[in-house]
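**Q** Just passing along the structure, written as structure tokens.
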Amino acid sequence: MKISLACKLLFLILTIACKIQTQVKCLEFDFPTFVESNDSDLIRHNSYIVLGAIQVTPDTSGSLTNQAGRALYKKAFKLWRKDKKATFNTTFVINISNKTNPGGEGLAFVLTPEITAPQNSSGMWLGLVNESTNRTLGSKIVAVEFDTRKSHPDDLDGNHVALNVNNIDSVVQESLSGRGIKIDSGSDFTAHVRYDGHNLSVYVSRNNSDVYDQRNLVFSRAIDLSASLPDTVYVGFTASTSSYTELNCVRSWKFEGLEIDGDGNMLWLWIIVPIVCLVVIGAFLGLFILRSRSRAGETSPDIEAELDNCATNPQKFKLRELKRATGNFSHENKLGQGGFGMVFKGKWEGRDIAVKRVSEKSHQGKQEFISEITTIGSLNHRNLVKLLGWCYERKEYLLVYEYMPNGSLDKYIFLQGKSRSNLTWETRKNIIRGLSQALEYLHNGCDKRILHRDIKASNVMLDSDFNAKLGDFGLARMIQQSEMTHHSTKEIAGTPGYMAPETFLNGRATVETDVYAFGVLMLEVVSGKKPSYVLDKENQSNYNNSIVNWLWELYRNGNIMDAADPRMGSSFNVEEMKSVLLLGLACCHPNEPKTVHENGLEGLDGESDQLAH
């Protein structure tokens, strides 16, 4: 029966080979975030990799005015040949933050044969063309622009998406104002561009998980790319500023394309295909024998070796067990998605579990996988998410946790999702208290001191009673209690907005940098604002997009209680809340030793006033 199936496979391959007229190959890449090592994968012109993102135009370290930049993937994409056209899908997360009011000018996803932006292409030209090349035969670009200023007479407004073909005049444009998205707000949003060989479609969403929803379709336009572009192009991003400025950031980027590679001489098929078929048959029979003698998957020896050194190694699961528990990682059981991969709800031995499926394309997937197991796997505290086990089979990294019914904290304090209810002051205070105890345990209650390095609202999980548990230890590191005071890395780890200023200067993670992030989180929980929140948009540059600077300004003006989340109304103890805000600022104080969390419980009971004046 197995040989019969192999013969059928051979016949199928030969049949397909006889019908092949054009060779097709894939161009695929995925950057969940950007690190310095990605520089070898990109062609950059006046753009930089900073804080996990591509700054397509220079950041605040240089001049922001009248700039144009490009960042392209280094391998060219074969777009068409004769009557054959390539197809592609690309998804990217954009963050554009204006530095003037209004900002300017915008960012675009582009297909182009040119690796550098034209001279004098800043301002309204978006780094695509300039006044001389616009509307000329020499201009070969197709771009999806995200425009932040009405600088062209035909622009709808200063907040629209448009399609440009060989010039800056838009073929089609749609405003995002009616969709609740402001391009230059400083908040992340996700864009998806799809080309099927005939139509180019653009989707935009504030949430990465639902960007493909038909409700997020901005426009779809019939276009023959072979009529506008040469057969080989580069894909990437271009952006510009004028006297109006902004930071144009791409936080993540995934591209999948089927490209056309030419006809070629078909003789190679008649030589190679029979050999491949014989190899396939041999491999098929060999696999059948091996499967009868051994398990389907095999754990990487180096991973096994590292985990054997873990004093309390969590349970090792089999891949088939976790597939069964999660319904083969079905979409219905999906709880969330991030740069690390996806999380699924499952059922195992009668209890609910959460299974993190680490993306195999994640640049630090293995390192973060081992870090989670060797740190949180040996910990046991009521305010830490419990790691139940792990699995590594068939290049799949999987982590199994206790299930947290109420999900992550950020969904509640920022009210993401229609079903989210507002948190009372007592609940918020209890969450802060729990996190204070978790941090105290990590820093002083373990045999080895643990630095979390990524404390933020989305890494705080809530159980059925809204008790807080700190999770996601992928960036965590252990240091000796007495011999070391810090952990140094070549690449800065953490999330912008929660990172202490000194981290950017010395690259060190310390107890103090963890406490700084905890202080930012306290201010978020009380105010309901994100770490990049700025009250006065017209004076944005004065606050540097920081909730900490905003709170300091309120404190200096004697109005610190103005930070209270208005959704709580007056249902809170004023002295308690004031103490929590002061404690949060003390954690972020530039001259404090930042060990305030050791007295955190006193602060939550309204007895703390630790700010240095």
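Rule-based calculations on the coordinates, nothing more; no lab input. All figures in this text were calculated on a predicted structure; none of them were measured in a lab. Because the Cβ atoms are built from the backbone with ideal geometry, glycine has one as well, and the counts that use them run over all protein chains shown.
**Q** What nm value, rounded to one decimal, do you get for the distance between Glu256 and Asn66 when each label is placed 7 Å out toward the C-beta?
**A** 4.5 nm
**Q** How much net charge surrounds Tyr48 when only the other residues with a Cβ under 13 Å from the Cβ of Tyr48 are counted, with Lys and Arg +1 and Asp and Glu -1?
**A** -1
**Q** Could I ask something else about it? Need one word for the stretch 21-260: rounded, prolate or oblate. Basis is the Cα gyration tensor (sqrt eigenvalues a ≥ b ≥ c); a/c below 1.5 gives rounded, then a/b vs b/c decides.
**A** The shape class here is rounded.
**Q** Using the 10 angstrom Cβ neighbour count as an exposure proxy, how do Asp83, Asp565 rank, fewest first?
**A** Exposure proxy ranking, most exposed first: Asp83, Asp565.
**Q** In addition: Using a 7 Å offset from the Cα along the Cα-to-Cβ direction at both Lys75 and Asn422, what is the distance between the two label points in nm, to one decimal?
**A** 5.2 nm
**Q** What does the C-alpha gyration tensor say about the overall shape of the stretch 118-265? Classify as rounded when a/c is under 1.5, otherwise prolate if a/b is larger than b/c, or oblate.
**A** Oblate is the answer for the stretch 118-265, as a/c is 1.5 or above yet b/c matches or exceeds a/b.
**Q** What number in nm² do you get for the stretch 201-250 if you take the convex hull of its Cα atoms and divide its surface by four?
**A** Quarter of the Cα hull surface area: 5.8 nm².
**Q** Can you check what the net charge comes to around Thr112, using other residues whose Cβ is under 15 Å from the Cβ of Thr112 (Lys, Arg +1; Asp, Glu -1)?
**A** Here the count lands on +3.
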